[in-house]
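Scroll down for the structure; my scribbles are underneath it.
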Amino acid sequence: MTFSELGLSAPILQAVEECKYQHPTPIQEQAIPHILEGRDLIGASQTGTGKTAAFALPLLSDLEPLSKPQILVLEPTRELADQVDEAFRSYAKHTDIHTALLYGGMGYGQQTQDLKRGADIVIATPGRLVDHFYRGNMKFKDLKCLVLDEVDRMLDMGFMPIVRKIVNLCPWDHRQTLFFSATMPPMIAGFAKWCLKDDAVEIAIARREVASTISHAFYPVGLDQRDDLLLALIRQTQFHSMMIFTRTRKEADSVCGLIRGSGYGDTVTVMHSDIGQKERMAALKGFREGKFSILVATDVAARGIDINGVTHVVNYRVPENPEDYVHRIGRTGRAEATGDAFTLLTADELDFAMAVEHFIGKKIDRRKLEGFKYAYTTLLDDRPLRPVRKPRPASPSRRRR
Ligand code: ADP
Ligand code: MG
């Protein structure tokens, strides 16, 4: 399948060609024709599978510049909004379509100006969008299409009430609604029913495997040696760029501090939602450009962020949600590049480890780091402890025979 077979307009096809995309990804191939027909759609596919272009290309293909908001795209974080805006602008470069990018943590001046000058597409995080609405800058009445992107993240971040409010502000009768998410837990499916037309198309591209180009394993360790093993792994690994995932913000800070203090200094950076907008952007940019070689991040902050060419992924803890294991690790083996992924495993996380194995339908190797002085933990036994049965004394009756 090629992009030109999908029915996109010539200026958009030219931009796609300049982006050097060879073929549409599965979600693009399946979603684009329906979106061009004007259907409502739910699209579920893993992070990094090209969902942005799946909605941006057909919407741009069919849009006449009128200098008023016709398409609204909601994003959960500033970074994602930024990326999606960049994508829209590069796909729209041979058209006269303009975008406005609205998010918090920055002044209103530029954003207001962009809206007043006449943007056809508005890309926004929920809070700031509503602020602009209250200020009278943002008008909803000419909207033709509402895109709810990365909805599972919106839910994680507690945005559902405000997103509902925004959906209610959008015209209902002549509106197309597109709904994208990496995962579709029941709560999200219920929400989708509420905001989409009854005949919405559903596309789910499940991916439960870890690409064969990625080598991944569990590294069992005692609780009090987790940090030592992490440092030893970092020391013994030849990496170009490493992402380390933690469960909480506090943990991200402490892991970052630990690595900084162990001789890695300014090559380490951290990203989570307590860190200011400017610093987060700087962390991301620095990591992309190679100024930082290690990025410590919480899953919420990192999900959906497009970072290519990560050579190594470390899970400081086994992810609680098995899908996250596949998502995180997917950051290494993208576009056929090979990658390595390490997951530290302590005894209290065995249930999560089994859930991950069940999810991907495969046993994950347990490995030991060579040269590391392990303190004893039952996890390290080749065969886990079983109740010990004493050998039975030979019965007297037998002996007589
Ligand atoms: P998602 O929203 O599914 O997480 P993105 O839309 O952010 O994924 O896309 C991830 C990356 O894939 C981006 O860098 C994008 O430029 C690239 N990409 C999108 N579509 C294609 C394609 N058809 N061929 C190659 N690369 C693509
Ligand atoms: Mg996305």
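Quick note: the coordinates plus some simple rules give every number you see, no bench work behind them. A quick note: this is a predicted structure, and the numbers were derived from the prediction, not measured. With ideal geometry, Cβ positions are generated from the backbone for all residues, glycine too; neighbour counts draw on all protein chains shown.
Observations on the model:
- Excluding same-chain neighbours fewer than eight residues apart, the aspartates and glutamates reachable from Lys291 by a Cα-Cα span under 15 Å are Asp266, Glu279.
- Here is the P(r) of the stretch 69-203: all C-alpha pair distances, binned every 5 Å from 0, give 2, 10, 22, 24, 21, 14, 6, 2, 0 in whole percents.
- Cα-based convex hull volume of the stretch 168-288 per residue, rounded to whole Å³: 208
- Taken along its principal axes, the alpha carbon cloud of the stretch 142-230 reaches lengths of 58, 29, 22 Å, longest axis first.
- The Rg/Rh ratio of the stretch 60-103, with both radii computed over alpha carbons and Rh defined as the Kirkwood radius, is 0.95.
- With N the number of residues in the stretch 208-276, Rg(Cα) / (2.2 N^0.38 Å) evaluates to 1.23.
- One way to sum up the overall shape of the stretch 1-130 is the equivalent ellipsoid from its Cα gyration tensor, whose semi-axes run 25, 16, 13 Å, largest first.
- The simple spin-label model puts a point 7 Å past each Cα toward its Cβ; for Leu258 and Glu209 those points are separated by 3.4 nm.
- Inter-label distance, nm, simple model (7 Å from Cα along the C-beta direction), Glu64/Lys368: 7.3
- Residue among Lys144, Lys373, Lys285 with the largest mean-square fluctuation in a Gaussian network model of the chain, springs linking Cα atoms under 10 Å: Lys373
- One quarter of the convex hull surface built on the alpha carbon atoms of the chain amounts to 26.2 nm², the projected area averaged over directions.
- Listed peptides 351-360, 246-255, 155-164 appear in the order 246-255, 351-360, 155-164 once ranked by packing, highest mean of other Cβ atoms within 10 Å at the front.
- Across the stretch 95-236, Cα pairs under 8 Å and at least six residues apart give a relative contact order of 18 percent.
- Comparing Lys20, Lys363, Lys193 in a Gaussian network model of the chain, where Cα atoms under 10 Å apart are tied by springs, the biggest mean-square fluctuation is seen for Lys20.
- The residue among Gly158, Ser9, Gln83 whose Cα reaches farthest toward the positive pole of the charge dipole of the chain, with charges on the beta-carbon of Lys, Arg, Asp and Glu, is Gly158.
- Distance between the pseudo-spin-label points of Met354 and Met157 (7 Å out from Cα toward the beta carbon): 3.6 nm.
- Relative contact order for the chain, counting Cα pairs under 8 Å that sit 6 or more residues apart, in percent: 16
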